[in-house]
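Read-outs throughout are calculated quantities, based only on the coordinates presented, and are distinct from any laboratory measurement. Keep in mind that what you see is a predicted model, and the values were worked out from it rather than measured. All Cβ positions, even for glycine, are placed from backbone atoms using ideal geometry, and neighbour counts span all protein chains on display.
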Amino acid sequence: MNIFEHYLFSLSEAPISILDNGIPLNKYTSLDLSETNKELKGVKITNPDACQIYIEEEVLNKDNALVAYGGYLEKRNIYADKSSFSGNEETIRNIHLGIDYWAKAGTNVIVPLEGVVHSFKNNNTSGDYGPTIILEHNLKGEQFYTLYGHLSIESLNNIVVGELLTKGDVLAQLGTPDINVNYAPHLHFQVIKDLGNYKGDYPGVCNQKDTTFYRNNCPNPNLLIKL
Ligand SMILES: [Zn+2]
């Protein structure tokens, strides 16, 4: 682990519920959406309904689980139909930089650690995040950010920039495919060390050649969440 990864790991001592506190952590199961997962052959994964059916029937029901999670640095086909992700080898973006938590629309998203609201935005181009919130954390002398994407539109109604939120507060709810924009319901959660000038948005998927930069700036969120 590098210095920032050690720091991130030091901020929590036990697994953190990032979705509804009523969902016990033993109801979380891991999900592989990478292009190498043979189970996905024949599943039209770019279609939100087909993706949802796969997750419910082949992952959640089989594992008696309520949340399927994973995806950090996964190389995925799920973006293949979305023009802002596609292109040639040099430009195609298919490396996923956060962790996704797949659960029912309307499920509460819980603040994992103290922070203030940095910015929010509805990134409503198809294939983007839809409603998105970024929190800024100033803990143990360091500053970093966390991003929450694919929220419901109502999640942005009462959010105030600069508001202090405490671990365990309800931050938002998961959006539906028409709002989130065109995915099965899930939370995209990403840690960002240097946010640059971004507001309410930050790349969540990158090109293979940019992976080293983004892996440094966006370490594995599970260092903090510890599932
Ligand atoms: Zn994601």
Segments 46-54, 105-113, 181-189, 195-203 sorted - mean Cβ within 10 Å per residue, highest first: 181-189, 105-113, 46-54, 195-203
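Under the 0.36 nm per residue contour assumption, what length would be gained going from the current alpha-carbon distance of Glu90 and Lys27 to full extension?
Working: separation 63, 0.36 × 63 = 22.68 nm, distance 3.90 nm.
Fully extending the segment from Glu90 to Lys27 adds 18.8 nm.
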Column: log10 I(q)/I(0), Debye, Cα scatterers of the chain, q = 0.10 Å⁻¹: -0.41
Below 13 angstrom from the Cβ of Tyr148, what's the summed charge of the other residues (Lys, Arg +1; Asp, Glu -1)? -3
Please say if region 105-227 is rounded, prolate or oblate, where rounded means a/c under 1.5 for a ≥ b ≥ c the square roots of the C-alpha gyration tensor eigenvalues, and otherwise the choice is prolate for a/b larger than b/c and oblate otherwise? oblate
When each of Lys41/Lys199; Lys62/Lys121; Lys75/Lys226; Lys38/Lys167; Lys82/Lys104; Lys104/Lys140 is checked by Cα-Cα distance, pairs over 32 Å: Lys41/Lys199; Lys62/Lys121; Lys38/Lys167; Lys104/Lys140
Computed FRET value (nearest 0.05) for Ala14 with Leu73, which takes r as the C-beta separation and R₀ as 35 Å: 0.90
Please work out the FRET efficiency for the pair His6 and Asp178, using the Cβ-Cβ distance as r and a Förster radius of 41 Å; give the result to the nearest 0.05. 0.50
What ranking, highest mean first, results for peptides 89-95, 118-124 when packing means the other Cβ atoms within 10 Å averaged over each residue? 118-124, 89-95
Would you mind checking region 56-92 for residues with the amide N under 12 Å from a putative spin-label position 7 Å along Cα→C-beta of Lys209? 88-92
With θ taken as phi - 60° and the coefficients 6.51, -1.76 and 1.60, list the Karplus ³J(HN,Hα) couplings across region 102-118 in order, rounded to whole Hz; mark glycine and proline as x. 8, 7, 5, 4, x, 4, 5, 9, 10, 4, x, 6, 3, x, 10, 5, 7
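Return the FRET efficiency for the residue pair Lys226, Thr36: r is the Cβ-Cβ distance, R0 is 22 Å, and the value is rounded to the nearest 0.05.
Efficiency, from the Cβ-Cβ distance: 0.30.
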Counting pairs of alpha carbon atoms under 8 Å apart in space and at least six apart in sequence, what relative contact order in percent does the chain give? 24 percent
Among Phe213, Phe85, Phe144, which one shows the highest mean-square fluctuation when the chain is modelled as a Gaussian network with alpha-carbon springs under 10 Å? Phe213
